[in-house]
Amino acid sequence: MACRDDDYRFLPIVDAISSINQNVNLVGVVLETSIPRQFKGTDCFCTVKIIDESYSSPGLLVNCFGENMERLPSVHSAGDIILFSRVMIKSHCGDVNAVFNKKISSFAIFEGKHGTQFLPYQASANFHPRDEDNKFLDCLRKWLLNRNPDESISLFGLNEYLPLEDIRVGEHLTLICKVLHICKVQENKWMAFVWDGTDAPRANMRAKKENEIENLPPLQLEPTPLPRDVLLKFPTIGTILRVVMEDDNQGLQLLNCDRWVKLVNVKCEQYAGLWRCMLMPSSKLQYLSDTEKLISESQRNYEKRLTLKRRREPFSGHLPPPSSMMTETSYTEMPFVTLMDVITHPKVNGKFKCAVRVIAIRPFQSEDFCSPQGIYRITLTLEDATARIHAFLFAEDSEYFFDGYPSDRTLKRTRNALLGVMIPSGRSNEEQQCAQRNPPWVQLCLKSYYTDKNDKWGSRKYRIFATRVVD
């Protein structure tokens, strides 16, 4: 590297990797980092992968140890520059990496190609800056600036990812999304909420007979609903994906909110019909700058979606036009809203029209839809790409919904159609209940109300009205 011809302190990475069992000094561009973790002992650990002009692929992995997580490198964005002093080069099974010793090594992190300052935004306690360091920072910044956009996208792997609308069950996926919120859900267990403006695919449902009789499906993966003041900050279009760690969540709480990140080597799965993302020990992350072309495009696509006439209707699953759905509403001119719009509505009382899927009905047995007094009492669990709610179908609203009191055979057929039961209705109730389901999109009118004037928001409920089955 031309800028290092007269240097006696830093090694180009290509030279460092041949300096096995030697302490070296390095300065490089951060490619990615791991989620910080705490070992069973006292040490905390993370990895930082760095590159420079001499070694831009695959990069050198630096294993960092510290007394606590605050003393580990905390990189703001992929592309920032980190300086390491006295790290040991090691070789294991043919792989070369560097080891940061918490007693003798030091580090400092600086802004990347758009940085103008030579002061680090984070440095270890034993870091001692030198004026000579500045020329290496300047050299790396110029190298990054001189790369064309396509080279930068390839360098940081920003062309290798899945939007949430394309996620699938499996391992080794890469996602690019914005961290909206992080909260503690259990002792030493944390959960992150991420979003990219797109709708995750519909999840097929398979209910267990004994579970659905006793309990409706959960509305969220966290033990209790998020506070309203948190929900009000969430976007009301697009899936919000829950992120947890496979073994423990120590380190997840250090993620920076309101930042776009690239999550590498993660596993997506469905739990209770809800999508979640698992971070594994091998998972890595990159914080991305808001100026990245990909981030700007994602934001523009989201803003464009806000302007569309049918913006509040779910995009995933090829939503049919309202005229071809199995339900219709009396409010034909009312615009569709998402369930997150409903949940975050500024008033307790409200009326809405939504395109949703019915993923559960209680009671399941159609002969139990009515009370002994002959009054319909049914609870439906509704979902769209943004949220889930329980909604009541009661009394005269049910009569309008079912067109009076049809035969038990007709009620079963309607129930199975709403749930998307993929088994002939002539089978037993047990077979129907445990069958694979693919609920269709239906349109419903909802009204929200409270049952306790002393706790209006805490007692808020939802009821289906002005809706009837037409097919």
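The values are calculated or read from the model by the stated rules, or taken from the named source; none is laboratory data. A quick note: this is a predicted structure, and the numbers were derived from the prediction, not measured. In case anyone asks, the SASA skips ligands and DNA or RNA and just uses the protein heavy atoms, side chains included. Shrake-Rupley method; radii C 1.70, N 1.55, O 1.52, S 1.80 Å.
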Longer than 26 Å from Cα to Cα, which of Lys178/Lys284; Lys102/Lys293; Lys184/Lys353; Lys49/Lys184; Lys233/Lys262 are they? Say none if no pair is.
Lys102/Lys293; Lys184/Lys353; Lys49/Lys184
Once ligands and nucleic acids are excluded and a 1.4 Å probe is used, how much of His128 is accessible, expressed in Å² to the nearest 10?
130 Å²
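How large a share of the accessible area of the chain, in percent, is made up of carbon and sulfur atoms when the probe is 1.4 Å and the other protein chains stay in place?
After summing per-atom areas, the C and S share lands at 49 percent.
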Express in Å², to the nearest 10, the accessible area of His181 obtained by rolling a 1.4 Å probe over the protein heavy atoms while all chains stay in place.
40 Å²
Separation of segment 93-114 and segment 255-277 by C-alpha centroid, Å?
27 Å
In deg cm²/dmol, rounded to 500, what helix-only [θ] at 222 nm does the chain give when every DSSP H run of at least 4 residues adds -39500 (n - 2.57) and the total is split over its residues?
-4500 deg cm²/dmol
Keeping all protein chains in the complex and leaving out DNA, RNA and ligands, what accessible area do you get for Lys453 with a 1.4 Å probe, in Å² to the nearest 10?
150 Å²
Mind sorting out which of (1) 22.3, 87; (2) 20.3, 64; (3) 27.3, 93 is the real Rg and Dmax of the Cα atoms in Å computed from the coordinates?
(3)
Helix 408-419 versus the longest principal axis of the chain: what is the Cα-based angle in degrees, 0 to 90, to the nearest 10?
20 degrees
Rounded to whole Å², per residue accessible area for the chain with a 1.4 Å probe reads 48 Å²
